[in-house]
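What follows draws every value from the coordinates through simple rules; no lab data is involved. Keep in mind that what you see is a predicted model, and the values were worked out from it rather than measured. Here Cβ is always computed from backbone atoms with ideal geometry, including for glycine, and neighbour counts include all displayed protein chains.
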Amino acid sequence: MARQMDMEAGRNDRASREESELIDKLVSINRVAKVVKGGRRFAFAALVVVGDGRGRVGYGHGKAREVPEAIRKATEQAKRSMIHVPLREGRTLHHDIHGRFGAGKVLLRAAPSGTGIIAGGPMRAVFETMGVQDVVAKSLGSQNPYNMIKATFVALQAGMSPRSVAAKRGKKVGDITARRDGAGESAA
């Protein structure tokens, strides 16, 4: 019995340590008004991005009558909806990706070391929390932060690592990365 309680305590400690390592960024707050008989009732909607700085990232949307409560709800939802994105050398994407959600269209490009994060507003928050250091991103469609974030996540989920591509094709990882680096051009 005591051993089981120790195991549960260790599990809870590990979960709280993981949560403390998460980076969260508030992307937008929207105030909405509902007109009622006595006047206006205000409510707030918050959009939050959460990441661990090592390739895991998620976003959440929360609504409440007060700003802190909306942010708390959005953060909890973001923690539940986290995805893992494969990164090259832990700093950039493996390849260029297009993403689309509604009218929001984004283009994400891998960048050489030292480039930094070249991305606008909502997309910058996603890359900073995810731990990407070098990326070039462009929003081609809607400027609505919700659509931009969702299009970015669609693109990130479409990204593939050379290991997964090699497994699908039944080849070695070296064959896949050699083509990317330009060594495969002479063989073709």
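Side notes on the structure shown:
- Across every pair of non-identical alpha carbons in the stretch 25-71, the mean reciprocal distance, once inverted, gives a Kirkwood radius of 11.8 Å.
- Burial order of peptide ranges 141-154, 97-110 (average beta-carbon count within 10 Å, highest first): 141-154, 97-110
- Residue-wise HN-Hα coupling along the stretch 140-157, computed from phi with Karplus coefficients 6.51, -1.76, 1.60 (Hz; x: Gly, Pro): 9, x, 4, 9, 5, x, 5, 5, 5, 5, 5, 5, 5, 5, 4, 5, 5, 6
- Gyration tensor (alpha-carbon) shape descriptor, the stretch 34-140, a/c threshold 1.5: prolate
- Extent of the stretch 85-187 along its three principal axes (Cα atoms, max minus min coordinate, largest first): 45, 29, 23 Å.
- For the stretch 85-187, averaging the sequence separation of C-alpha pairs within contact (under 8 Å, six or more residues apart) and dividing by the residue count gives a relative contact order of 30 percent.
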